[in-house]
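S.K.: Questions regarding the structure given below will be posed in turn.
The values are calculated or read from the model by the stated rules, or taken from the named source; none is laboratory data. Not measured: the values here are computed from a predicted model. Cβ coordinates were reconstructed from backbone atoms using ideal geometry, including for glycine residues, and neighbour counts include every protein chain displayed. Quick note on the areas: whole protein, heavy atoms, side chains included, nothing else; ligands and nucleic acids left out. Shrake-Rupley method; radii C 1.70, N 1.55, O 1.52, S 1.80 Å.
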Amino acid sequence: MTDVLKTQSTSWTTASAILFDLDGVLTPTATVHEQAWKELFEGFLASRPDVPGYREDDYFDHIDGKPRFDGVRDFLASRGIVLPEGTPSDGTTGQGSAGNPGQEATVQGLGNRKNTVFNDIVSAGVEPFEGSVRFLEAAVGRGLKVAVVSSSRNAPAVLKAAGLNGHFEIVVDGVVAAAQGLPGKPSPATYQYAADLLGFPSEECVVVEDAVSGVQAGHAGHFHSVIGVDRGAGRQTLLDAGATSVVNDLDELL
C-alpha cells in the first residue's frame, strides 16, 4: 500500500461521523437514475428536432447529484428551453408520455415522470456495493455515527430495497430538504443538517460522494474531509471539485 493510500485509509478514522451520499456511493442506483433521465429526455427532445439530442455527458454536466427538479431545470436551460413550473400532480395521472408530453411539459411533470421510470426499475430490487457495505460496517464497528444525505426523494425506498435501512437512523433526503427549506447540493445545507441531527460539528464529519455537486457541497461546508468515489465523474474532476481524496471503491480505505 502506497503512502498516499495509507493516509487515505486512516484519515476517516479520526472523525466522529460519516455522511454518505446514497446513489453511486452505497448503491449502484446512480446508473438507474442515469438511465431514467436518458429515457425521459430522449423522449421529450424527440418532439423538438431543432434542439440537440440527449448526450451521455449531460447527466454529469447538468443533473448528477442535484434535487430532481433542479436537474430538470438545469438540463432544460442547457438547451435554451423554458417550461412552466407546473403543479405537483403533473405527470402522475397517466396522461401524456415523454415523447408526447401532455401534462408532463412542465418542470414538475418531467420530474415526476422520471421518478416513475426510476421506481419501475428499482422495484425489482437493489444490490448495494459490497465494498461500500464493508466500509460502512467497519465505520460503525469503530463507533462512528452514520447518516445518509441524498438529493433523491426515493432514498428510504432504495435503502429498504438494498437491505441497508437498518443501518441509518438519520436520512436526509429530498423530502426532508423540502420540508426544512434546505437548498440542494452543491449547497452544503443538507450535509450540515445531517451533522446537526447527529450532534457533531461539520469539522468532525466525513462526506462521501460520487457526484461533483455533492463533492462541492462537502468542500463548501468545511467538513473533516470529502472522500470522492469515482463511479464515472472522473478522479481529477472530483479532486478539482474539492475532494480530499478519491477512490474507485470504498474498501480501498480499509
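S.K.: Output the residue which, of all residues in segment 35-65 that are within 13 Å of the chain's Cα centre (by Cα) and open to solvent by less than 50 Å² (accessible area, probe 1.4 Å), is modelled with the lowest pLDDT.
M.R.: Filtering segment 35-65 for residues that are within 13 Å of the chain's Cα centre (by Cα) and open to solvent by less than 50 Å² (accessible area, probe 1.4 Å), the one modelled with the lowest pLDDT comes out as 65.
S.K.: Going through segment 32-53 one residue at a time, which ones are in a loop (DSSP other than H, G, I, E, B) and closer than 12 Å to residue 79 by Cβ?
M.R.: 48, 50, 51, 52, 53
S.K.: Let me ask you something else. If you take the residues of segment 74-98 that are loosely packed, with under 13 Cβ neighbours inside 10 Å and more than 21 Å from residue 184 (Cβ to Cβ), which of them is modelled with the highest pLDDT?
M.R.: The residue in question is 80.
S.K.: Same structure again: Residues 180, 236, 216: which one is surrounded by fewer than 20 Cβ atoms within 10 Å (Cβ to Cβ), within 19 Å of residue 68 (Cβ to Cβ), polar (S, T, N, Q) and modelled with pLDDT of 95 or more?
M.R.: 180
S.K.: Still on this structure, I have one more. Condition test on residue 211, is it open to solvent by 40 Å² or more (accessible area, probe 1.4 Å) and under 16 Å from residue 68 (Cβ atoms)?
M.R.: In short, no.
S.K.: Given the structure, is residue 71 buried (at least 22 other Cβ atoms within 10 Å of the Cβ), more than 30 Å from residue 234 (Cα to Cα) and either at pLDDT 90 or above or of a type in the set (Phe, Trp, Tyr) (or both)? Walk me through it before giving the result.
M.R.: Values: buried (at least 22 other Cβ atoms within 10 Å of the Cβ): yes; more than 30 Å from residue 234 (Cα to Cα): no; either at pLDDT 90 or above or of a type in the set (Phe, Trp, Tyr) (or both): yes.
Taking the combined requirement at face value, the residue does not satisfy it.
S.K.: For segment 195-212, which positions are under 15 Å from residue 60 (Cβ atoms) and either hydrophobic (A, V, I, L, M, F, W, C) or modelled with pLDDT under 95 (or both)?
M.R.: Within segment 195-212, 211, 212 qualify.
S.K.: Here's something else I'd like to know. Under 9 Å by Cβ, and 6 or more places apart or on different chains, what pairs join a residue from segment 110-122 that is under 11 Å from residue 39 (Cα atoms) and at pLDDT below 90 with one that is open to solvent by less than 60 Å² (accessible area, probe 1.4 Å) and among the hydroxyl-bearing types (Ser, Thr, Tyr)?
M.R.: 118/29; 118/152
S.K.: State which residue pairs qualify: first residue surrounded by fewer than 17 Cβ atoms within 10 Å (Cβ to Cβ) and inside segment 130-152, second residue not in a loop (DSSP other than H, G, I, E, B) in any location, beta carbons under 6 Å apart, and separation of 6 or more residues or different chains.
M.R.: Here the result reads 134/251, each pair linking segment 130-152 to a residue that is not in a loop (DSSP other than H, G, I, E, B).
S.K.: Looking at the structure I just gave you, is residue 226 under 21 Å from residue 61 (Cα atoms), touching a Gly at 6+ places or on another chain (Cβ under 6 Å) and either open to solvent by 10 Å² or more (accessible area, probe 1.4 Å) or not in a helix (DSSP H, G or I) (or both)?
M.R.: Against the criterion (under 21 Å from residue 61 (Cα atoms), touching a Gly at 6+ places or on another chain (Cβ under 6 Å) and either open to solvent by 10 Å² or more (accessible area, probe 1.4 Å) or not in a helix (DSSP H, G or I) (or both)), residue 226 qualifies.
S.K.: Continuing with the same structure: From the list 233, 179, 194, 157, which residue is in a loop (DSSP other than H, G, I, E, B) and of a type in the set (A, V, I, L, M)? Show your work before the answer.
M.R.: Numbers: 179 fails: in a loop (DSSP other than H, G, I, E, B); 194 fails: in a loop (DSSP other than H, G, I, E, B); 157 fails: in a loop (DSSP other than H, G, I, E, B).
Only one candidate passes the filter, namely 233.
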